[in-house]
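Colleague: Submitted below is the structure of interest, expressed as structure tokens.
The values are calculated or read from the model by the stated rules, or taken from the named source; none is laboratory data. Everything numeric in this text was worked out from a predicted model, so none of it was measured. All Cβ positions, even for glycine, are placed from backbone atoms using ideal geometry, and neighbour counts span all protein chains on display.
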Amino acid sequence: MFKVAVLGATGYAGKELVSILVHHPYARPYYITSESFSGQRFDQVYPEFRAVCELPLEKLDLKKVAACDFIFAALPHGLSVKEVPKLLETGKKIVDFSGDFRLKDASLYPTWYGYEHSSKENLSLSVYGLPEYNREQIKKAKLIANPGCYPTSVLLALKPLLAEGLIETEDIIVDAKSGVSGAGRSPKQAYHFPECTENFKAYKVAAHQHTPEIEQELSSVAGKTVTLLFTPHLVPMIRGILSTIYVRSAAGTDESAIRAAYQKHYIDEPFIRLLPPTELPETKHVSGTNFCDLAFRLDPRTGRLIIVSAIDNLVKGAAGQAVQNMNIMMGWPEEAGLK
């Protein structure tokens, strides 16, 4: 079995990653780290893993990482940028969960992430890990910047339409909702049960760090700068993202052209499901899966196209997509461990 290191295994994304890897046909977690729970076993932190994964949790040791065959870095933003250059020295391939290597323009990091980027040379080395569009680059990559959860839901909805010239590049509005697990496992008052339950709120309005990531990737498809309005919301559920996206359709675009564009781009994609015209995505239908469900409605009164996208933020939005990237990098079946 392929030996896998999981750095930051006790966060929600790290836990989800371990739960996938323990059933993977070619790989297993071998060395797992946690700064907060070092000295305990994984099943002591998450008792549902008794007799499934009882590995000890350790502090990060580069020699032990180097003994593994592959590395997942599920570390917080701002920490990966310090650790990934050291991890690359092991010669092993890496999938990084943080936002530290997603933005190609280092000057954006102080504004959106609050720190100066200290590993600019690795920004050009990293490959943005959206398999449906970067599969060939992923195959040859040493470092994958695993996409953010919100960006995954938005990019998969919009890229085919931009590529086919079916929508305008201006006046794009993204209204997205996420479960509370997207905020991470570290205790914070805003995510305390009494604060979240029976409540629904917007947050980081016009200031969310995923904004430049989405704009960067859409601009690469459109061939010109795309600026959008992105507003995330917190809903009182554990997991899932539902993004409702409003765009202006290009002149002459009809529903058959839109459906044809999605079918052209996604007919062979194992994790994209374009729903029938009578159905709309729901978070419960993708929960625990690596699927992205898509649907659309064209409003003839306003000329607006409404696209609805649903993913599980911890799977296709994090750990599942990371494993999908590993499978591609290693030449394994892309669906291994994910269906």
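Colleague: Does T289 fit the bill of being surrounded by fewer than 18 Cβ atoms within 10 Å (Cβ to Cβ) and not assigned by TED's automatic domain parsing to the domain that holds Y12?
Modeller: Working: surrounded by fewer than 18 Cβ atoms within 10 Å (Cβ to Cβ): yes; not assigned by TED's automatic domain parsing to the domain that holds Y12: yes.
Taking the combined requirement at face value, the residue satisfies it.
Colleague: Further question: Taking T253 as meeting all but one of (1) more than 14 Å from K159 (Cα to Cα); (2) crowded, with 20+ Cβ neighbours inside 10 Å; (3) modelled with pLDDT of 95 or more; (4) hydroxyl-bearing (S, T, Y), write down the number of the exception.
Modeller: Every listed condition holds for T253 apart from (3).
Colleague: Among the residues of the stretch 118-155, what is the count of those that are hydrophobic (A, V, I, L, M, F, W, C) and under 11 Å from the mean Cα position of the chain (by Cα)? Reasoning before the result, please.
Modeller: Applying the first criterion (hydrophobic (A, V, I, L, M, F, W, C)) to the stretch 118-155 yields 123, 125, 127, 130, 138, 141, 143-145, 149, 154-155.
Retained after the next criterion (residues that are under 11 Å from the mean Cα position of the chain (by Cα)): 130, 145, 149, 154-155.
Residues meeting the conditions: 5.
Colleague: Are there any pairs, at least 6 apart or on different chains, whose C-beta atoms fall under 6 Å, with the first in the stretch 115-130 and part of a loop (DSSP other than H, G, I, E, B) and the second among the polar types (S, T, N, Q), and if so, which?
Modeller: If the second residue must be among the polar types (S, T, N, Q), the pairs left are G129/N146; G129/N325.
Colleague: Taking the stretch 284-314 on its own, how many of its residues are under 19 Å from the mean Cα position of the chain (by Cα) and either basic (K, R) or at pLDDT below 95 (or both)?
Modeller: 1
Colleague: Could you check how many residues of the stretch 260-289 are assigned to a helix (DSSP H, G or I) and in contact (Cβ under 8 Å) with a residue 24 or more places away in the chain?
Modeller: Looking only at the stretch 260-289, we keep the residues that are assigned to a helix (DSSP H, G or I), and these are 260-266, 283-285.
With the extra rule that they be in contact (Cβ under 8 Å) with a residue 24 or more places away in the chain, the set shrinks to 261-262, 264-266, 283-285.
So the count comes out to 8.
Colleague: Still on this structure, I have one more. Can you say whether S153 is of a type in the set (S, T, Y), at pLDDT 95 or above, within 30 Å of G252 (Cβ to Cβ) and out of contact with any Asp or Glu (no Cβ under 7 Å at 6 or more places or on another chain), as far as the supplied structure shows? Give the derivation first.
Modeller: Numbers: of a type in the set (S, T, Y): yes; at pLDDT 95 or above: yes; within 30 Å of G252 (Cβ to Cβ): yes; out of contact with any Asp or Glu (no Cβ under 7 Å at 6 or more places or on another chain): yes.
It is true that S153 is of a type in the set (S, T, Y), at pLDDT 95 or above, within 30 Å of G252 (Cβ to Cβ) and out of contact with any Asp or Glu (no Cβ under 7 Å at 6 or more places or on another chain).
Colleague: Hey, can you tell me all the residues within the stretch 213-237 that are aliphatic (A, V, I, L, M) and surrounded by 15 or more Cβ atoms within 10 Å (Cβ to Cβ)?
Modeller: Our first condition is that a residue be aliphatic (A, V, I, L, M); within the stretch 213-237, this holds for 214, 218, 221-222, 226, 228-229, 234-235, 237.
Result: I214, L218, V221, A222, V226, L228, L234, V235, M237.
Colleague: May I ask you to say which residue of T231, T197 is hydroxyl-bearing (S, T, Y) and modelled with pLDDT under 95?
Modeller: On the way: T231 fails: modelled with pLDDT under 95.
So the residue among T231, T197 that is hydroxyl-bearing (S, T, Y) and modelled with pLDDT under 95 is T197.
Colleague: Checking L75 against (1) more than 16 Å from F37 (Cβ to Cβ); (2) in contact (Cβ under 8 Å) with a residue 60 or more places away in the chain; (3) in contact with a Leu (Cβ under 9 Å, 6 or more places away or on another chain): exactly one of these is not met. Which one?
Modeller: With respect to (1) more than 16 Å from F37 (Cβ to Cβ); (2) in contact (Cβ under 8 Å) with a residue 60 or more places away in the chain; (3) in contact with a Leu (Cβ under 9 Å, 6 or more places away or on another chain), L75 is out only on (1).
Colleague: Here's a check for you: in the stretch 166-189, which residue that is among the polar types (S, T, N, Q) and more than 19 Å from L298 (Cα to Cα) is surrounded by the most Cβ atoms within 10 Å (Cβ to Cβ)? Don't jump to the end; show me each part of the working.
Modeller: From the stretch 166-189, those among the polar types (S, T, N, Q) are 169, 178, 181, 186, 189; that's our starting set.
Among the residues that remain, those that are also more than 19 Å from L298 (Cα to Cα) are: 178, 181, 186, 189.
Numbers: S178: 25, S181: 23, S186: 9, Q189: 7.
If we take residues in the stretch 166-189 being among the polar types (S, T, N, Q) and more than 19 Å from L298 (Cα to Cα), then S178 is surrounded by the most Cβ atoms within 10 Å (Cβ to Cβ).
Colleague: So is K92 surrounded by fewer than 19 Cβ atoms within 10 Å (Cβ to Cβ), within 21 Å of V323 (Cβ to Cβ) and in contact (Cβ under 8 Å) with a residue 12 or more places away in the chain or not?
Modeller: On the way: surrounded by fewer than 19 Cβ atoms within 10 Å (Cβ to Cβ): yes; within 21 Å of V323 (Cβ to Cβ): yes; in contact (Cβ under 8 Å) with a residue 12 or more places away in the chain: yes.
Yes; evaluated as a whole, the condition is true for this residue.
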